[in-house]
Amino acid sequence: MPRLYPDTPDFPQDGGAERTVWEALRDQLPDDAVLFAGLRLLDGSDEREIDALVAWPGVGLAALEVKGGHITRDVGSWYQGSGDARHRIDPVGQIQHARHTLTHLLARHGLDVRRARIAHLVVFPHTYVPGDWEIAEAPRGVVVDRGELARLAGKVKRAIDDHGVGTMVPSDDDVDALVQLLAGAFTPHVELLALAAQHEDRLEQMTRDQARVLDGLRSFHRLRIIGGAGSGKTWLALEQARRRTRVGERVALLCYSRGLGRYLERVTSAWPARDRPAYVGLFHDLPLRWGAEPGADDDSDYWERRLPLQLAELAAQRPPADLFDSVVVDEAQDFGELWWPSLVRCLRNRDGGGLFVFMDESQRIFARDGSVPIDLPPYRLDVNLRSTKQIAQLFGAFGQEMVRSRGLSGSAVRVVDVAPDHAVGVADDVVDALLDEGWEPGQIALLTTGPRHPEQRNAVDLGGHSAYWDVFLAGGDVFYGHVLGFKGLERTVVVLAVNGVREAERARQMLYTGMSRARALLVVVGPRAEIERIGGEAARRRLQDAQVWDGVASDS
């Protein structure tokens, strides 16, 4: 049996076409050959996918495009399906472009295998093609039909011999170099970057699909929506605020953390005027806008008691025109007990006004436990949309409820086992290594669980909180933040430096929150044994699948 990458592919819902071709090649190719499935390539801005790639020492390379269902050729074009489902396809053009991307990629990396003989084939595992059929762009020798699957490996070899481009016959070493590039110890960098792009495109669509939740709940004027990290709560909160505003209501969209508040402000500022809520931002800033005296950052009594009580007093003094028809709260688990009655006082109709809260009980990382004044049972979002399966499964082990992931399968979580005192310094090395892999600076966030990173302290001291968060939202550079301030936010890559926690009883929630900020790649830098102790047996099992990364230096 050939070497398989991956050994158990995730095949698309195509009626079993790609699986059928893969199994035929798996069963027919010799032991020294290599078979890649679903190979994604990114060369500059050129992103392609090869359904199956064969690397055969002593023979050459073959890239295969697989099209299932009923395939026809009519008036110079290819078609897939029948009846109303019939649509035009371009299998030959697809695989030609993918083959060129592969050879350019090999050349850019200086591999000798770039000169190897390479052919492309199109495979129709559900369709019969006449034996004497042939067109200029696709000689019969590069078209494989249903009846030829039993001798597919022979067809591949013949296509390389008769139609292959290139002069070199690859050796075992040449094929090994190809494998090292495309399937090294981690998911290959090029493939991983393409997987991340694909995951985020899919994430955008899945999140928008969540709008149907609000469609089904549109008759309720009080709602508590509970969902785990990455379930689309913030998007739904924004959408609910937009919908209530659009029908003529005066709406307040509130949260607790500065970063999320700035994000909500930036998003809503780009909306048409008729969609923008009357107030968007922090709960604390609303009473200040209405005349409350500012307080010191380290005066907890001011923020937890005096300011929320003052909001109720100020609301009672405001004319009805300043109050709200509906209030939407994101990350509502952060709100303290005294804040809720004051918030209700901000409604024009305290009993019948709209109150819509979005929360995650597993992210109670602040020392407060406010109770939302809504008697109706909560509506639960139980699917993670944001993160790859590997990330969702790991952080789910630290949460209170089972996490079901609809994300794509991605790269394994990476772990660098170091003592807490060394976590930040090693995390900096990790960032440098990720940049060397090809990740863009704006895709990476380095989050700490204990003392803040020096870069974060400097940025806030020099520019203030608004400028600091504007840099994050601009997405042009590596972001340095803290788990406490990053709730509701996310980045493609998160490097989580586990450099201690302020409150040991909330360590589990801190790790859950920090890990769940990553969409496509998570690197955990910290004491592995302690992380496993905090997460328990479920976390230990998940971390068995993690990649122990020795690609950075550590001095723990």
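The values are calculated or read from the model by the stated rules, or taken from the named source; none is laboratory data. Here the structure is a predicted model, which is why all the values come from computation and not from measurement. Using ideal geometry, Cβ is built from the backbone for each residue, glycine included, and neighbour counts are taken over all protein chains shown.
For the range 536-544, the criterion of being of a type in the set (A, V, I, L, M), assigned by TED's automatic domain parsing to the domain that holds V431 and surrounded by fewer than 18 Cβ atoms within 10 Å (Cβ to Cβ) is met by at least one residue. Looking only at residues in the range 502-521 that are surrounded by fewer than 21 Cβ atoms within 10 Å (Cβ to Cβ) and out of contact with any Phe, Trp or Tyr (no Cβ under 9 Å at 6 or more places or on another chain), which one is nearest to Q443 (Cα to Cα)? The residue in question is R502.
If I filter the range 106-120 down to residues being under 33 Å from the mean Cα position of the chain (by Cα) and within 28 Å of I89 (Cβ to Cβ), which single residue comes out as surrounded by the most Cβ atoms within 10 Å (Cβ to Cβ)? Ranking the qualifying residues of the range 106-120, first place goes to H120.
Considering the range 57-83, the residues that are at pLDDT 95 or above and more than 24 Å from D10 (Cβ to Cβ) include one that is surrounded by the fewest Cβ atoms within 10 Å (Cβ to Cβ), namely G58. When E505, E490, E537 are checked against the criterion of being acidic (D, E), within 25 Å of G396 (Cα to Cα) and either touching a strand residue (DSSP E or B) at 6+ places or on another chain (Cβ under 7 Å) or touching a residue at least 12 places away in the same chain (Cβ under 8 Å) (or both), E490 stands alone in meeting it. Of all the residues in the range 448-483, those that are crowded, with 18+ Cβ neighbours inside 10 Å, among the hydroxyl-bearing types (S, T, Y) and in a helix (DSSP H, G or I) number 1.
Can you give me the number of residues within the range 199-246 that are in a helix (DSSP H, G or I), more than 30 Å from V483 (Cα to Cα) and at pLDDT below 85? Lay out the reasoning, then the answer.
The first filter runs over the range 199-246 and keeps only residues in a helix (DSSP H, G or I), leaving 199-209, 211-216, 233-246.
Next, from what is left, pick out any that are more than 30 Å from V483 (Cα to Cα): 212, 215-216, 243-246.
Narrowing the set further to residues that are at pLDDT below 85 leaves 212, 215-216.
Here the count works out to 3.
Of the residues making up the range 370-391, those that are among the polar types (S, T, N, Q) and either under 18 Å from W235 (Cβ atoms) or not in a loop (DSSP other than H, G, I, E, B) (or both) number 3.
Working carefully through the options V66, V54, V59, find the one that is touching a helix residue (DSSP H, G or I) at 6+ places or on another chain (Cβ under 6 Å), β-branched (V, I, T) and over 20 Å from R115 (Cβ atoms). Lay out the reasoning, then the answer.
Numbers: V54 fails: over 20 Å from R115 (Cβ atoms); V59 fails: over 20 Å from R115 (Cβ atoms).
V66 is the lone residue from the list that is touching a helix residue (DSSP H, G or I) at 6+ places or on another chain (Cβ under 6 Å), β-branched (V, I, T) and over 20 Å from R115 (Cβ atoms).
Out of all the residues in the range 484-514, which are closer than 14 Å to I534 by Cβ and part of a strand (DSSP E or B)? Correct list: L496 only.
Mind checking whether some residue in the range 401-409 is surrounded by fewer than 18 Cβ atoms within 10 Å (Cβ to Cβ), polar (S, T, N, Q) and assigned to a loop (DSSP other than H, G, I, E, B)? Working first, answer last.
Here is the first cut: in the range 401-409, the ones surrounded by fewer than 18 Cβ atoms within 10 Å (Cβ to Cβ) are 401-402, 404, 406, 409.
Filter again for polar (S, T, N, Q), leaving 409.
Narrowing the set further to residues that are assigned to a loop (DSSP other than H, G, I, E, B) leaves 409.
Taking every residue of the range 401-409 in turn, at least one turns out to be surrounded by fewer than 18 Cβ atoms within 10 Å (Cβ to Cβ), polar (S, T, N, Q) and assigned to a loop (DSSP other than H, G, I, E, B).
Among the candidates R73, R151, R146, R48, which residue alone is in contact with a strand residue (DSSP E or B) (Cβ under 8 Å, 6 or more places away or on another chain) and farther than 16 Å from L181 by Cβ?
On the way: R151 fails: in contact with a strand residue (DSSP E or B) (Cβ under 8 Å, 6 or more places away or on another chain); R146 fails: in contact with a strand residue (DSSP E or B) (Cβ under 8 Å, 6 or more places away or on another chain); R48 fails: farther than 16 Å from L181 by Cβ.
Going through R73, R151, R146, R48 in turn, just one is in contact with a strand residue (DSSP E or B) (Cβ under 8 Å, 6 or more places away or on another chain) and farther than 16 Å from L181 by Cβ: R73.
Among the candidates G370, G352, G295, the residue that is under 32 Å from the mean Cα position of the chain (by Cα), modelled with pLDDT under 90 and among the small types (G, A, S) is uniquely G370.
Out of all the residues in the range 132-150, is one or more in a helix (DSSP H, G or I) and crowded, with 20+ Cβ neighbours inside 10 Å? The answer is yes; a qualifying residue exists. Those strands (runs of 3 or more DSSP E) of the range 1-73 in which 1 or more residues are β-branched (V, I, T) occupy 34-43, 46-56, 60-66. Taking every residue in the range 13-37 that is assigned by TED's automatic domain parsing to the domain that holds G154 and pairing it with any residue that is hydroxyl-bearing (S, T, Y), at least 6 positions away or on another chain, the pairs with Cβ-Cβ distances below 9 Å are V34/Y5; L35/Y5; F36/Y5; A37/Y5. Residues in the range 84-105 that are among the charged types (D, E, K, R) and assigned to a helix (DSSP H, G or I) were compared, and the one that is surrounded by the fewest Cβ atoms within 10 Å (Cβ to Cβ) is D84.
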